[in-house]
Amino acid sequence: MKRYLISEHVLVLAIALFGFFLLLFRLDNPYLWIDELFTADYIRNDYSYLFALDRPDERHPPGHYVLLKTWVGIVGDDRIGLRSMSAAMAVACIPLLYALAKHRLDARTALVAAFFLAAFPGFIHYGREARMYAQLFVLLMIAILFFFRLFDRFSISTTWERALQSLGFALALAGTFTHTTPRRFISSALLRP
């Protein structure tokens, strides 16, 4: 049993490394997409502007821009610096999808799902784009993982479980400050009879 768990984790690590190398391939592509150019220009503003609610030039919440501005302050604002945060978050999605699928299905299916995600061209494309897609994906996957683990039990009885539920909710809420999509899902769920 222990031997199987070790090999399973090694496979997940190998799939994540495979995805990592696919995401890094041509990360320094000399051409930035128009959205990436907008992001690069937008994060040159100061933090107070990014947090302003009356920004006329952007409809997305400030979460991604604030984090990316901090990130490029550390790693640099060249093409690789702009795209590397998204690539790092996309790599984190691979073991998270494995954990989600294993929790709901089985280890073999979870490994296949993680591999398909790592090799999926759309995931590779948007996972390394200097936009908020990978950040939104990783935050929502973490939130879903916490919710799955909590709601499998019949009741939340311990302080630890309540803390996990709060953390899951906080991550889902953080997702709403990254992109407009989660706000639409949350508001539509609240408006249902």
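Residues checked against (1) closer than 21 Å to GLY127 by Cα; (2) touching a helix residue (DSSP H, G or I) at 6+ places or on another chain (Cβ under 7 Å):
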| site | (1), (2) |
| --- | --- |
| SER7 | no, no |
| VAL10 | no, no |
| TYR31 | yes, no |
| ASN45 | no, no |
| LEU50 | no, yes |
| ASP78 | yes, no |
| LEU97 | yes, yes |
| LYS102 | no, yes |
If the requirement is being touching a Ser or Thr at 6+ places or on another chain (Cβ under 8 Å) and either closer than 16 Å to LEU17 by Cα or open to solvent by 30 Å² or more (accessible area, probe 1.4 Å) (or both), which of these qualifies: VAL75, VAL91, VAL112?
VAL75
Across the stretch 56-69, what is the number of residues that are open to solvent by 60 Å² or more (accessible area, probe 1.4 Å) and over 9 Å from THR178 (Cβ atoms)?
3
How many residues of the stretch 119-142 are open to solvent by 40 Å² or more (accessible area, probe 1.4 Å) and under 14 Å from ALA172 (Cα atoms)? The answer is 3
Can we say LEU105 is open to solvent by 60 Å² or more (accessible area, probe 1.4 Å) and of a type in the set (A, V, I, L, M, F, W, C)?
yes
Inspect the stretch 21-43 for any residue being outside any helix (DSSP H, G or I) and within 19 Å of PHE177 (Cα to Cα) and give the result as yes or no.
yes
Note: among LEU97, LEU111, LEU82, just one is modelled with pLDDT under 90 and either outside any helix (DSSP H, G or I) or of a type in the set (A, V, I, L, M, F, W, C) (or both), namely LEU82
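The values are calculated or read from the model by the stated rules, or taken from the named source; none is laboratory data. If you're wondering where the values come from, they're calculated on a predicted model, not measured in any experiment. Virtual Cβ from ideal backbone geometry, glycine too; neighbours counted across all protein chains shown. Side chains are part of the model used for accessible areas, which takes the heavy atoms of the whole protein and leaves out ligands, DNA and RNA. Shrake-Rupley method; radii C 1.70, N 1.55, O 1.52, S 1.80 Å.
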